[in-house]
1. Among the chymotrypsin sites (Phe, Trp or Tyr not before Pro) in region 47-128, which ones are in a DSSP loop with at most 15 other Cβ atoms within 10 Å of the Cβ? Mind listing them?
2. Could you list the GluC sites (Glu not before Pro) in region 51-93 that lie in coil according to DSSP, counting only those with at most 12 other Cβ atoms within 10 Å of their Cβ?
3. If the limit is 23 Å between Cα atoms, which of LYS39/LYS114; LYS101/LYS161; LYS126/LYS149; LYS48/LYS154 go over it?
4. For ILE31 and ALA93, compute 0.36 nm times the residue count separating them, minus their Cα-Cα distance, and round to one decimal in nm.
5. Show me the GluC sites (Glu not before Pro) within region 109-156 that DSSP assigns to loop and that have at most 11 other Cβ atoms within 10 Å of their Cβ.
6. Shape of region 32-159 from its Cα gyration tensor (a ≥ b ≥ c, root eigenvalues): rounded if a/c is under 1.5, otherwise prolate when a/b > b/c, or oblate?
7. For region 111-161, compute Rh as the Kirkwood radius over C-alpha pairs and then the Stokes-Einstein diffusion coefficient at 25 °C and 0.890 mPa s; write the answer in µm²/s, rounded to an integer.
8. Using the Karplus curve 6.51 cos²θ - 1.76 cosθ + 1.60 with θ = phi - 60°, work out ³J(HN,Hα) for each residue of region 120-136 in order, rounded to whole Hz, and write x for Gly and Pro.
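Every number in this text was worked out from the coordinates using simple rules, so none of it is lab data. Note that the structure is a prediction, hence the values are computed from the model and not measured. Reconstructed Cβ throughout: ideal geometry from the backbone, glycine too, with neighbour counts over all protein chains shown.
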Amino acid sequence: MKNKITILIVFFALCSCKNNESENIEKDKMIVGNWLLGKWENKSVDGKLTEEWSKLNDSTYQATSYFIKMKDTLHHESITLQQNGEQLTYVAAVKGQNDDKPVTFNQLESTESKLVFENLKNDYPKKISYTQISKDSIAAEVSGIQQGKASSEKFIMSRIK
């Protein structure tokens, strides 16, 4: 009887270690994007692009992105960066597009200074990337096909908060 109890205790201890290990892997995947957290801005003659990223929990970051020209908001987007198993997903819902329904982009590349997501079924963009240039500067790039031609836009943003 003692042997059975000992075996059960060892079994449950090993199982709990594996769960903690997988939780740590999940948290480690999100840590790679910590540099996104904060408020970012790109000012140009066309207007001002702002993105504000915050940490919701250990496996989810949320952001709001908007582009303002004069006093008009031309673009408003809600973004969720989330850990799903071993995969990061970037989910964007753009006001006035796709019936305001979110579009999911799957992780294509992830390094200490770059995150790349892709959804080949989406019209535009098909690819979204963020690159950390410095502690206070990032580049966001969207690319895909517009009106039958390859197109990309790159925004260098500075930390304002």
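1. none
2. Working: sites: GLU51, GLU52, GLU77, GLU86; in loops: GLU86.
Those that pass, being in a loop and sparsely packed, are GLU86.
3. Values: LYS39/LYS114 18 Å; LYS101/LYS161 29 Å; LYS126/LYS149 13 Å; LYS48/LYS154 14 Å.
Beyond 23 Å: LYS101/LYS161.
4. 20.0 nm
5. GLU112
6. It is rounded, given that a/c, with a ≥ b ≥ c, falls under 1.5.
7. My calculation gives 209 µm²/s for D.
8. 5, 7, 7, 4, 7, x, 9, 9, 10, 9, 10, 10, 7, 8, 8, 4, 10
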